[in-house]
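Since the structure comes first, as structure tokens, the remarks are kept for the end.
The values are calculated or read from the model by the stated rules, or taken from the named source; none is laboratory data. Owing to the predicted nature of the structure, the values given are computational and were not obtained by experimental measurement. Every residue, glycine as well, gets a Cβ built from its backbone with ideal geometry; the counts of neighbours run over all protein chains shown. Calculation scope for accessible area: heavy atoms of the full protein, side chains included, ligands and nucleic acids excluded. Shrake-Rupley method; radii C 1.70, N 1.55, O 1.52, S 1.80 Å.
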Amino acid sequence: MTHQEIANYRLASQNLLKTNSKSPQEIVQHLGAVQAQDYAMAKWAVGSRGGATEKEVEEAVNSGKIIRTHILRPTWHFVSADDIYWMLDISGPKVKSLFASMARQHGYDERKLNQVNSDIEKLLSGNNHLTRDEIMQELNIKKSSGDLSPVIVMMNAELDGLVCNGKMKGKKITYALLEERVPKSKTTLTKEEALAKLAKRYFESHGPATLLDFSWWSGFSPTSAKRAINLIESELNSFGIDNQKYWFGTDVSEVDNLRGSVHFLPAFDEILISYKNREASILLEHQTKAFTNNGIFKPIIVENGKVIGAWKRTFKKDHVKIETQFFSSIDKSKKSILFEAIKPFEDYLETKIIIE
């Protein structure tokens with residue numbers, strides 16, 4: 001298999017080859033977890049893989065079918081409500097250990113964090129959805145330059161399974177008690193079962209991918225990633241290229257639908273960010289045009305699995321303006337064909353789009 005074929009298969013596994021009838025929650029559940037620190041772009045990551053509008057994706061988040069919280073690597077992710085508890089069980093303690101030292105430096109040991117959790121629980125009890133600023137005001141934690149207390153306090157509460165996103169308050173994100181949004185499951189998985197389930201979900205929805213890709217995406221060590229693959233090896237396909245072994249699911253029939261595939265994908269999209277090695281999807285000389293060394297990913301234009309440019313949108317009074325930057329020279333007639341791929345974004349926003 002070639003790098004181009006890997007890129008093609010990833011489009012298929014990530015549900016990007018054709019519009020499907022999956023709900024926003026089903027799309028998130030298929031992917032396992034969708035990086036979501038840029039809330040608007042994360043919604044489009046879901047919308048681009050199905051026929052849902054932005055309003056429908058937002059409704060899935062507001063209703064608690066999709067949960068936005070810190071999980072896996074220490075950043076925001078969308079996770080299906082059906083998966084939130086077992087994923088938190090396996091990843092929460094690991095992520096907490098990554099910022100424990102920083103928490104102590106700001107005066108938050110385990111005892112103090114537990115006390116703050118108790119105070120937050122009282123504040124949010126009874127489906128009381130509050131913004132972070134409102135919670136900090138009630139806790140008498142004042143914002144000051146260089147003080148990460150608000151981040152530490154709320155991330156800890158998320159990783160402990162106490163809070164998650166609440167309903168949007170206008171354009172502001174709120175927090176709510178997780179158990180008031182999603183009833184806690186009565187069944188639990190062992191650590192080994194959860195690790196195997198996470199790995200299977202990743203390789204089926206992101207494959208072909210390597211052990212190090214899964215390690216990066218999940219935040220687990222290569223040793224743990226290897227153990228997970230050993231547990232599910234018989235349930236996956238695999239092949240070798242450039243001394244690397246790639247794993248993927250067994251259902252890849254959609255790859256035949258590749259012809260003429262063009263996508264305007266969001267910033268931080270899973271097609272790039274979920275892999276340690278991104279050479280299959282973007283040439284090395286173009287990578288700095290798509291993402292920075294400190295982890296900022298731009299919205300990208302993808303043709304037949306390859307990133308060929310970047311784009312940005314600006315909201316105007318009665319339309320959305322789209323500006324593009326192609327990595328190589330493209331003639332006007334080719335651009336007009338590529339620009340047809342913005343139509344799904346226009347349908348998603350339910351707003352007129354003008355490309356400049």
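Restricting the search to the stretch 26-37, which residues are assigned to a helix (DSSP H, G or I), open to solvent by 10 Å² or more (accessible area, probe 1.4 Å) and in contact with a helix residue (DSSP H, G or I) (Cβ under 8 Å, 6 or more places away or on another chain)?
Taking the stretch 26-37 as the starting set, the residues that turn out to be assigned to a helix (DSSP H, G or I) are 26-31.
When the remaining residues are screened for being open to solvent by 10 Å² or more (accessible area, probe 1.4 Å), the result is 26, 29-30.
Of everything in the stretch 26-37, just one residue is assigned to a helix (DSSP H, G or I), open to solvent by 10 Å² or more (accessible area, probe 1.4 Å) and in contact with a helix residue (DSSP H, G or I) (Cβ under 8 Å, 6 or more places away or on another chain), namely H30.
Does N294 satisfy the condition of being of a type in the set (S, T, N, Q) and surrounded by 13 or more Cβ atoms within 10 Å (Cβ to Cβ)? Steps first, please.
On the way: of a type in the set (S, T, N, Q): yes; surrounded by 13 or more Cβ atoms within 10 Å (Cβ to Cβ): no.
So N294 fails the test.
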For K289, which of the numbered conditions (1) over 18 Å from K18 (Cβ atoms); (2) open to solvent by 70 Å² or more (accessible area, probe 1.4 Å); (3) of a type in the set (D, E, K, R) fails to hold? (2)
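Could you count how many residues in the stretch 314-330 are part of a strand (DSSP E or B) and either in contact with a Phe, Trp or Tyr (Cβ under 7 Å, 6 or more places away or on another chain) or open to solvent by 70 Å² or more (accessible area, probe 1.4 Å) (or both)? Can you show your working first?
Narrowing the stretch 314-330 to residues part of a strand (DSSP E or B): 314-315, 320-326.
Still in the list and also either in contact with a Phe, Trp or Tyr (Cβ under 7 Å, 6 or more places away or on another chain) or open to solvent by 70 Å² or more (accessible area, probe 1.4 Å) (or both): 315, 322-325.
Residues that pass the stated criteria total 5.
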Determine which single condition M87 fails, assuming it passes every other condition in (1) under 21 Å from L195 (Cα atoms); (2) open to solvent by 20 Å² or more (accessible area, probe 1.4 Å); (3) of a type outside the set (S, T, N, Q). (2)
Filter result for E204 (open to solvent by 50 Å² or more (accessible area, probe 1.4 Å) and in contact with a His (Cβ under 9 Å, 6 or more places away or on another chain)): yes
Taking the stretch 69-83 and keeping residues open to solvent by 10 Å² or more (accessible area, probe 1.4 Å) and either hydrophobic (A, V, I, L, M, F, W, C) or touching a strand residue (DSSP E or B) at 6+ places or on another chain (Cβ under 7 Å) (or both) leaves H70, T75, W76, A81
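What's the total number of residues in the stretch 38-73 that are at positive phi and part of a strand (DSSP E or B)? So that I can check it myself, show each step before the final result.
Step one: of the stretch 38-73, the residues at positive phi are 64, 72.
Add one more test, that the residue is part of a strand (DSSP E or B), and what stays is none.
Qualifying residue count for the region: 0.
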Could you grab me the full set of residues in the stretch 165-213 that are under 30 Å from I6 (Cβ atoms) and without any contact (Cβ under 8 Å) to a residue 24 or more places away in the chain? E193
Filter the stretch 1-20 down to residues that are of a type in the set (S, T, Y) and closer than 22 Å to S218 by Cβ and give me whichever is least open to solvent (accessible area, probe 1.4 Å). S13
Only one of (1) among the polar types (S, T, N, Q); (2) surrounded by fewer than 24 Cβ atoms within 10 Å (Cβ to Cβ); (3) touching a strand residue (DSSP E or B) at 6+ places or on another chain (Cβ under 7 Å) fails for S23. Which number is that? (3)
In the stretch 53-60, is there at least one residue being surrounded by 21 or more Cβ atoms within 10 Å (Cβ to Cβ) and within 18 Å of M154 (Cβ to Cβ)? no
Could you pull out the residue among A225, A194 that is modelled with pLDDT of 95 or more and crowded, with 22+ Cβ neighbours inside 10 Å? A225
